[in-house]
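Structure record follows, encoded as structure tokens.
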């Protein structure tokens with residue numbers, strides 16, 4: 001947000017000096033000369049240039065921003081924090097706890113033809129989540145370089161403060177958390193069609209990219225999306241499809257957060273992982289059809305993800321795929337508009353209102369191929385505690401106290417079935433207090 005208003009001190013200075021300059025000129029108008037007029041004009045121009053060089057500082061719902069008076073350069077600090085509490089009716093499902101889920105002070109800025117972002121994670125495992133720069137020398141599109149979200153995952157592409165539920169659905173665990181590389185993005189037909197093409201180091205499922213997974217080659221990704229025009233009765237709909245491919249060569253290491261593959265429930269309990277000694281060795285592709293619809297207080301999101309990869313261990317080699325899907329719906333009870341970027345309450349607590357209330361429901365599931373559990377050599381790629389399939393039903397309530405504060409309460413029931421270890425139904429009650437600038 002830019003504020004082109006000059007600082008108060010600058011305006012007072014201008015108001016005080018300009019009449020003096022002009023008044024002095026009027027008193028001596030009869031004796032003025034061209035050189036005196038030029039001197040007065042130079043003084044006024046110098047004073048205006050001095051005022052224009054001053055910075056403008058604003059503090060509001062989008063954080064703290066400092067910009068030049070002409071708004072060509074700006075830098076913003078946007079604090080974001082999530083404090084969670086988890087309860088499990090069955091103590092075997094996990095420990096009741098309060099945790100700092102995310103503490104992420106976002107630093108971002110803009111300049112002529114470019115913008116950038118740095119976002120560290122200060123909770124738990126301290127690291128840099130986002131570090132990218134956008135180059136946009138013309139309006140046609142932009143080139144993003146650095147560490148950022150890739151093309152895969154509709155819910156993954158949502159900001160972590162904007163998701164309908166506290167934890168993303170199971171399709172997201174089959175997509176990278178962040179990629180390291182470059183991507184070109186562009187919108188066409190007045191914004192009705194958009195596409196992105198990316199070239200990355202590659203990342204494990206539900207992990208961030210660091211080193212190259214393909215011994216010097218790169219993963220390639222693409223996404224295309226269509227949305228109707230504003231005059232269409234289908235306005236608010238978005239249909240998209242994303243895919244990626246890579247020739248991978250990397251060992252799975254369950255002790256390394258960037259080299260492991262693990263699939264977790266909304267209660268953050270791992271229900272599937274591979275054994276140590278299993279490696280990605282060959283083609284890997286991911287497919288991801290997507291749908292979103294936001295109209296008035298209604299919000300819908302659905303997606304499917306398939307992640308297929310060639311695996312090998314000391315005795316066996318095979319292709320293993322995992323499939324996941326989700327359908328979720330939200331309704332804003334207080335009448336505000338639902339959107340991909342969350343809900344903005346009309347009347348927050350500070351304005352004498354009660355904020356906005358939103359109810360949510362979803363179903364999501366994930367299934368791993370039989371090939372992960374049964375091999376010709378008699379061994380398995382899956383770990384001893386792995387379960388083949390998880391399906392979950394969730395209910396949610398979101399209370400937006402203001403544009404910056406949100407309280408959420410979720411209840412999730414997850415059933416397990418198929419090959420692998422026997423596992424009882426998991427029930428989880430999740431709550432969150434969120435600060436978002």
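The values are calculated or read from the model by the stated rules, or taken from the named source; none is laboratory data. These figures come from a predicted structure and were not determined experimentally. Quick reminder, even Gly has a Cβ in these numbers, built from the backbone with ideal geometry, and neighbours come from all protein chains shown.
Okay, here's what the table says:
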quantity	calculated
Single condition residue 200 does not satisfy, out of (1) surrounded by 23 or more Cβ atoms within 10 Å (Cβ to Cβ); (2) closer than 24 Å to residue 434 by Cα	(2)
Count - residues of segment 101-118 that are touching a strand residue (DSSP E or B) at 6+ places or on another chain (Cβ under 6 Å) and either under 22 Å from residue 408 (Cβ atoms) or part of a loop (DSSP other than H, G, I, E, B) (or both)	5
Only listed residue being free of Cβ contacts under 8 Å to residues at least 60 places away in the same chain and touching a helix residue (DSSP H, G or I) at 6+ places or on another chain (Cβ under 8 Å), chosen from 168, 157, 144	168
Tally of residues being in contact (Cβ under 8 Å) with a residue 60 or more places away in the chain and buried (at least 18 other Cβ atoms within 10 Å of the Cβ) across segment 107-132	1
Subset tally (residues that are closer than 22 Å to residue 398 by Cβ and surrounded by fewer than 15 Cβ atoms within 10 Å (Cβ to Cβ)) for segment 63-88	1
Check on residue 217, touching a helix residue (DSSP H, G or I) at 6+ places or on another chain (Cβ under 6 Å) and in a loop (DSSP other than H, G, I, E, B)	no
Residue ranges of strands (runs of 3 or more DSSP E) in segment 239-298 with at least 2 members in contact (Cβ under 8 Å) with a residue 24 or more places away in the chain and either at positive phi or within 24 Å of the chain's Cα centre (by Cα) (or both)	262-264, 279-295
Filter result for residue 235 (surrounded by fewer than 21 Cβ atoms within 10 Å (Cβ to Cβ), over 19 Å from the mean Cα position of the chain (by Cα) and touching a residue at least 40 places away in the same chain (Cβ under 8 Å))	yes
From the options 330, 378, residue that is assigned by TED's automatic domain parsing to the domain that holds residue 297 and on the phi > 0 side of the Ramachandran plot	378
Set 408, 392, 385, 402: member being buried (at least 18 other Cβ atoms within 10 Å of the Cβ) and in a loop (DSSP other than H, G, I, E, B)	402
Which numbered condition residue 429 misses (of (1) surrounded by fewer than 17 Cβ atoms within 10 Å (Cβ to Cβ); (2) out of contact with any strand residue (DSSP E or B) (no Cβ under 7 Å at 6 or more places or on another chain); (3) farther than 20 Å from residue 332 by Cβ)	(2)
Matching entry among 410, 337, 404, 398 (being closer than 26 Å to residue 235 by Cα, in contact with a strand residue (DSSP E or B) (Cβ under 6 Å, 6 or more places away or on another chain) and either without any contact (Cβ under 8 Å) to a residue 60 or more places away in the chain or in the same structural domain as residue 85 (by TED's automatic domain parsing) (or both))	398
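Residue-wise test of (1) more than 30 Å from residue 358 (Cα to Cα); (2) crowded, with 24+ Cβ neighbours inside 10 Å; (3) outside the structural domain of residue 207 (by TED's automatic domain parsing); (4) touching a strand residue (DSSP E or B) at 6+ places or on another chain (Cβ under 7 Å).
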{"position": "136", "(1), (2), (3), (4)": "yes, no, yes, yes"}
{"position": "140", "(1), (2), (3), (4)": "yes, no, yes, yes"}
{"position": "143", "(1), (2), (3), (4)": "yes, no, yes, yes"}
{"position": "146", "(1), (2), (3), (4)": "yes, no, yes, yes"}
{"position": "149", "(1), (2), (3), (4)": "no, no, yes, yes"}
{"position": "152", "(1), (2), (3), (4)": "no, yes, yes, yes"}
{"position": "165", "(1), (2), (3), (4)": "no, yes, no, yes"}
{"position": "174", "(1), (2), (3), (4)": "no, yes, no, yes"}
